[in-house]
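Structure first, then comments.
The values are calculated or read from the model by the stated rules, or taken from the named source; none is laboratory data. Predicted model, so just to flag it, every value in this text is computed and none were measured. Positions of Cβ are generated from backbone atoms using ideal geometry, with glycine treated the same way; all protein chains shown enter the neighbour counts. To get the accessible areas, we keep the full protein, side chains included, count just its heavy atoms, and leave off ligands, DNA and RNA. Shrake-Rupley method; radii C 1.70, N 1.55, O 1.52, S 1.80 Å.
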Amino acid sequence: MDSFGTASQLQVGDRTYKIYRLAALKRHGFAVERLPYSLRILLEGLLRTENGSSVRRDDIEALAGWRPNSPERAEIAFQPARVLLQDFTGVPAIVDLAAMRDAMVRLGGNPAKINPLQPVELVIDHSIQADAFGVPGAMAINQKLDYARNGERYALLKWGQQAFKNFRVAPPNSGICHQVNIEYLARVVFGADEDAKGSSASGDGLPLAYPDTLVGTDSHTPMVNGLGVLGWGVGGIEAEAAMLGQPISMLIPEVVGFKLTGKLREGATATDLVLTVTQMLRNKGVVGRFVEFYGSGVGNVPVVDRATIGNMSPEYGSTCAIFPIDALTLDYLRLTARSEERITLVEAYMKEQGLFHDSSAATPVFSDTIELDLGDVEPSIAGPGRPQDRVPLRVAKAAFEASLPSLLPPDPPRSQKGADARTSRHERLEVWGESTDGSSQASPTHPVVCGADVLEHGSVVIAAITSCTNTSNPSVMLAAGLLAKRAVERGLRRQPWVKTSLAPGSRVVTAYYKRAGLTPYLDQIGFNLVGYGCTTCIGNSGPLPAEISDEIRRRNLVVAAALSGNRNFEGRIHSEVRANYLMSPPLVVAFALAGRITIDFETEPLGHDEEGGPVFLRDIWPSQEEIQRAVREATGSELYRNVYRDIFAGDEQWRSLQAPAGNIYNWDATSSYVRSPPFFSDMPRKPPEVQNVQGARSLAVFGDSITTDHISPAGTIQVQSPAGEYLISEAIASKDFNSYGARRGNHEVMVRGTFANVRIRNQLAPGTEGGYTTYLPDDKVTSIYEASQRYLAEGIPLLILAGKDYGSGSSRDWAAKGPYLQGVRAVIAESFERIHRSNLVGMGILPLQFVDGSSVTSLALSGREIFDIDGIAAGVASGFAESRRLMVRARRQGGSTIEFEVSARIETPQEVLYIRHGGILQYVLRQLLGYPSEVAATPARKPHSHVAEGDQARAVDEGSIQSFPASDPALYTGSTRV
């Protein structure tokens, strides 16, 4: 369909492309040029995918006629051009697709139809940890351990690469998905090179040209916004549906304009800039909004700096943080060895569509604005526990001392990942990412460690150059190398209690370090390469040496980590490190040399040279001129070309990894990592009639701010937990448990881990902490898992009762899949986080919201009632066309009954279909089996009244007790409309 006649052609060189011209909407009275850049990208997508059902003429008119701060927000369908995965979220996605193929065979369909319809790329980056450090060959040791721990998961992904079209896997140690994305995967504009020959072809035979867009199953997907590519993080269930061609329903967002002027001062880095932006935007309140940069200062921000800003979008809460495409974007594409054909297309297409930014570009209209003079940015760090808590470097010492009382551990000290620090080193529970027994003696895995006796509050015990946030930026990385060189030349070395590591997000980094001659200097101060992956930034720090670890616990010390990452919540980096500071790579080197966060760099030296003279940070800090000269001399397109030429082929270890073959996965019944999930095992071809809920019991009653970490922890598997007991029954030793995150491909582990966070408190089991409930009517306190299985056996449906912000934190599909497998039919809460609400719907679980200010407390609900929910069947049958209100009856033990209304948070016609079919994947499967489409029969979308977006200050905090890896897409407070 083309209701507005926007289909046209674009000639680029000797090739003709079909495009959907935005300017054609002017004929229909729409001033498209006034729209923010990001909304114009969304608008082009609607024009291109209009079909009369999921994308209608009204949707296009609503977006083209967008009014800032309108009291009503229409819903639209976003169809991303591709999907980006990392391995923690990618494994369950491939498991689900494999299970859907099994179901297709059982139901008489064609299993080949279960296949991504657009490019899907997975980068294995979340598993390697920094066990070995500070020695030559550290990476080889860590890689060997990685394959020993995760080879079974990798074999599944290797199978998927040959079984599915449009699916590619970058093997371990290829880099970090977001850095690989900006350096190689991002097309910026589809239509050139391989894309013109395949999926981009239009019906008339011409190749389609259109903007690159994506969703990713990692919260830091907006890093690619720095290239002008629109994308953000989503839950795994939404991503799986997007792979199979399902659009993502969304409200037309508010767009906050961020005006930049001036340029960075000498000594300020991109990291200092992003920490400043993060603090400003968290104070502004941008949760659930788009952020778009404009102004004269945009041209003074290189693409790699823009990517750093985009990367930390989840830390300030926005859905995306995008820069427009300009001449600097084209320069970056040339640097990273994109083809001239693609670069020419990007320039021609963006200029034709009015999307190319230059100094004469008109300022769009925004919902709100904020402004920063880049010259005001000063050297900074952020911590000790939140990315938005920026601290000017000049007052870092005083800031730590001021925060120390709040950081002191209780007595007895407890680790923040569930490990009990009261036990001896040999009795300690293993913590994922720290699971190797450290030693203080020199070994093949680390250098000699000493100095534990001089540790004090504020001692830096981890210094990690880590995370794509900064390792994608040659200027700050080369600054770190130059600082290391000068330090070595002045006779400085790292302090012997500091665990140092270098884990770039791309092999390009080590290539330009080698060319610049800086690798030997980094090695000499302990920053040996430990691997290419997320490592310390997601908690894969590896163990601290035993001497250091013992001293921290013995003296209850508040020690610090210095890292160039993006998140620093307590317990995330290491269970024994309570103060964690984000900073630029050169500052990481500086703090490794100092050995303490309590240094005033202005008045105290880093150390002394061979003559005993003091060496201050200012003495060895490289100038901007030196840094830029190093960038010019050490980087070049040939480095990127060489690194990415065979990225999907992998090394010898990957190529020799044995993996199943064929299009149907051969499940191993003995596997503890990969099991066939039961989501489709009993699914009929025709969806059964939706029923009201009758005779339900409450599985749990929770208060406010129950996070997805509470619902489905990703970290430690406790020995005495249902999941731990299951693994032991499978003859798996506790040291080999790995983590919940690594075992997301095994539903037997994950369903037992649902609501198993060691700090979750269920009001149905007062006085307990952990995954406990009271089984009714027996009044027996038992694990939530055991109770759910008894209820399932008895055919009793289950509910969850909760307070505000249910499902906050990281978006984890297992936070919806787990309750589904436990028999939960509905969650009744005061409010929901956006993506988790969507994930519940995606699993066929009803998100129901208390109305008129009612709550568990105001209604005096104990959770011991028997519940009926009326109106579900009629509401689904009518598409909730008249009302979303449902009636709940709660029968108390004494015989009295209370009735109250709830609102069904079913936001779009598409979501009605997902509930009707029992889940999004079941709906997609039936569509591929030929079940009649019902989209056209659903009611038209209605605009949503705009409401406050919840508690902006805490909506994306992820400091819960088991937050590793906390790198799934952050959830944002969504509409509370009822």
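Picking from 886, 39, 268, whose Cα lies most toward the positive end of the charge dipole for the chain (charges on Cβ: Lys, Arg +1; Asp, Glu -1)?
My answer, from the dipole projection, is 886.
Relative to the present Cα-Cα distance, how much length would full extension add between residue 719 and residue 668 at 0.36 nm per residue of separation? Don't jump to the answer; show the numbers that get you there.
Working: separation 51, 0.36 × 51 = 18.36 nm, distance 2.42 nm.
Contour length minus Cα-Cα distance gives 15.9 nm.
Can you tell me which of 70-78, 800-808, 461-469, 87-95 comes out highest on packing, and rank the rest after it, using the mean Cβ neighbours within 10 Å? Before the final figure, lay out each step's value.
Details: 70-78: 18.2, 800-808: 26.0, 461-469: 30.6, 87-95: 27.7.
Going from most to least packed, we get 461-469, 87-95, 800-808, 70-78.
Whole number in Å², please: accessible area per residue of segment 1-87, 1.4 Å probe, ligands, DNA and RNA not counted. Write out the running numbers ahead of the final one.
Values: 3170 Å² over 87 residues.
About 36 Å² of surface per residue is accessible.
Would you kindly state how much longer the chain becomes between residue 759 and residue 351 on full extension, computed as 0.36 nm times their sequence separation minus their alpha carbon distance, in nm to one decimal? Could the numbers behind the result be given before it?
Details: separation 408, 0.36 × 408 = 146.88 nm, distance 5.38 nm.
Extra length available between residue 759 and residue 351 comes to 141.5 nm.
Leaving out ligands and nucleic acids, note down the accessible area per residue over segment 817-942 with a 1.4 angstrom probe, in whole Å².
Values: 4040 Å² over 126 residues.
The answer is 32 Å² per residue.
For segment 245-333, what is Rg from Cα atoms divided by 2.2 N^0.38 Å, rounded to two decimals? Numbers along the way, then the final one.
Numbers: Rg = 13.8 Å, N = 89, 2.2 N^0.38 = 12.1 Å.
Taking N as the residue count of segment 245-333, the ratio is 1.14.
Of the listed peptides 270-280, 532-542, 556-566, 622-632, what is their order by residue-averaged count of other C-beta atoms within 10 Å, with the highest listed first?
Most protected by this proxy first, the peptides run 532-542, 556-566, 270-280, 622-632.
How high is the relative contact order of the chain, in percent, counting Cα pairs under 8 Å that sit 6 or more residues apart?
Details: 2292 pairs, mean separation 144.6, N = 978.
So the answer I get is 15 percent.
Taking the full set of protein chains and a 1.4 angstrom probe, give the accessible area of residue 667 in square angstrom, rounded to the nearest 10.
Accessible area of residue 667: about 60 Å².
Could you check how much of the accessible area of segment 162-318 is carbon and sulfur, as a whole percent, using a 1.4 Å probe?
Values: 1530 of 3180 Å².
On segment 162-318, the fraction of accessible area on carbon and sulfur atoms equals 48 percent.
Take the Cα coordinates of segment 111-197, assign each an equal point scatterer, and use the Debye formula without solvent to give log10 I(q)/I(0) at q = 0.11, 0.16, 0.23, 0.25 Å⁻¹.
At q = 0.11, 0.16, 0.23, 0.25 Å⁻¹ the computed log10 ratios are -0.42, -0.77, -1.18, -1.27.
What number comes out for the charge environment of residue 688, summing +1 per Lys or Arg and -1 per Asp or Glu over other residues with Cβ under 13 Å away? Before the final figure, lay out the partial values.
Working: positive: 685, 686, 916, 926; negative: 682, 689.
Its environment carries a net charge of +2.
In Å², and per residue, what accessible area does segment 509-622 have when probed at 1.4 Å with the other protein chains present? Working shown, then result.
Numbers: 2930 Å² over 114 residues.
On a per-residue basis, segment 509-622 sits at 26 Å².
Percent relative contact order of segment 150-299, based on C-alpha pairs within less than 8 angstrom and at least six residues apart?
Numbers: 135 pairs, mean separation 23.2, N = 150.
Relative CO of segment 150-299 lands at 15 percent.
So what is the relative contact order of segment 589-725, in percent, for Cα pairs below 8 Å that sit 6 or more residues apart? Can you show the working numbers first?
On the way: 38 pairs, mean separation 9.9, N = 137.
Contact order relative to length: 7 percent.
Put one equal scatterer on each alpha carbon of the chain, apply the Debye formula with no solvent term, and list log10 I(q)/I(0) at q = 0.06, 0.08 1/Å to two decimals.
-0.40, -0.73
Determine how many Å³ per residue the convex hull of the Cα atoms of segment 798-925 encloses.
Numbers: hull volume 13.3 nm³, N = 128.
It comes to 104 Å³ per residue, whole-number rounded.
Going highest first, how would you order 141-152, 602-613 by mean Cβ packing within 10 Å? Intermediate results must be reported in sequence, preceding the final value.
Numbers: 141-152: 18.5, 602-613: 12.4.
So the order, starting with the most tightly packed, is 141-152, 602-613.
Going down the table (735/780; 686/817; 397/514), which pairs top 24 Å between alpha carbons?
The answer is 735/780; 397/514.
Mind listing the phi-derived Karplus ³J(HN,Hα) values for segment 28-36, rounded to whole Hz, using 6.51, -1.76 and 1.60 with θ = phi - 60°, and x for any glycine or proline?
Taking θ as phi minus 60°, the curve returns 9, x, 9, 8, 4, 5, 7, 6, x Hz for segment 28-36.
For segment 481-582, I need the span (max minus min coordinate) of the C-alpha atoms along each principal axis, in Å, sorted largest to smallest.
Its Cα atoms span 44, 30, 20 Å along the three principal axes.
Hey, what do the phi angles of segment 360-373 turn into as Karplus ³J(HN,Hα) couplings, whole Hz, using 6.51/-1.76/1.60 and θ = phi - 60°, x for Gly and Pro?
Once rounded to whole Hz, the list reads 8, 5, 5, 7, x, 8, 10, 5, 6, 9, 8, 9, 9, 8.
How many nm separate the modelled label positions at residue 524 and residue 378, each set 7 Å beyond the Cα in the direction of the Cβ?
3.4 nm
For segment 592-699, list log₁₀ I(q)/I(0) at each q in 0.11, 0.16, 0.21, 0.23 Å⁻¹, using the Debye formula over Cα point scatterers of equal strength and ignoring solvent, two decimals each.
Per q value, in the given order, log10 I(q)/I(0) is -0.82, -1.02, -1.21, -1.27.
Convert 25 °C to kelvin, take the viscosity as 0.890 mPa s, use the Kirkwood radius over C-alpha pairs of segment 36-191 as Rh, and evaluate the Stokes-Einstein diffusion coefficient in µm²/s, rounded to a whole number.
Numbers: Rh = 18.8 Å.
The calculation lands on 130 µm²/s.
Need the full-extension length gain, residue 360 to residue 263, defined as separation in residues times 0.36 nm minus the C-alpha distance. One decimal, nm. Could the numbers behind the result be given before it?
Working: separation 97, 0.36 × 97 = 34.92 nm, distance 1.89 nm.
Gain on stretching residue 360 to residue 263: 33.0 nm.
Take 817, 158, 735 and sort them by solvent-accessible surface of the protein heavy atoms, 1.4 Å probe, largest at the top. Spell out each step's value before the answer.
On the way: 817 0, 158 40, 735 135 Å².
Sorted descending by solvent-accessible area, the residues read 735, 158, 817.
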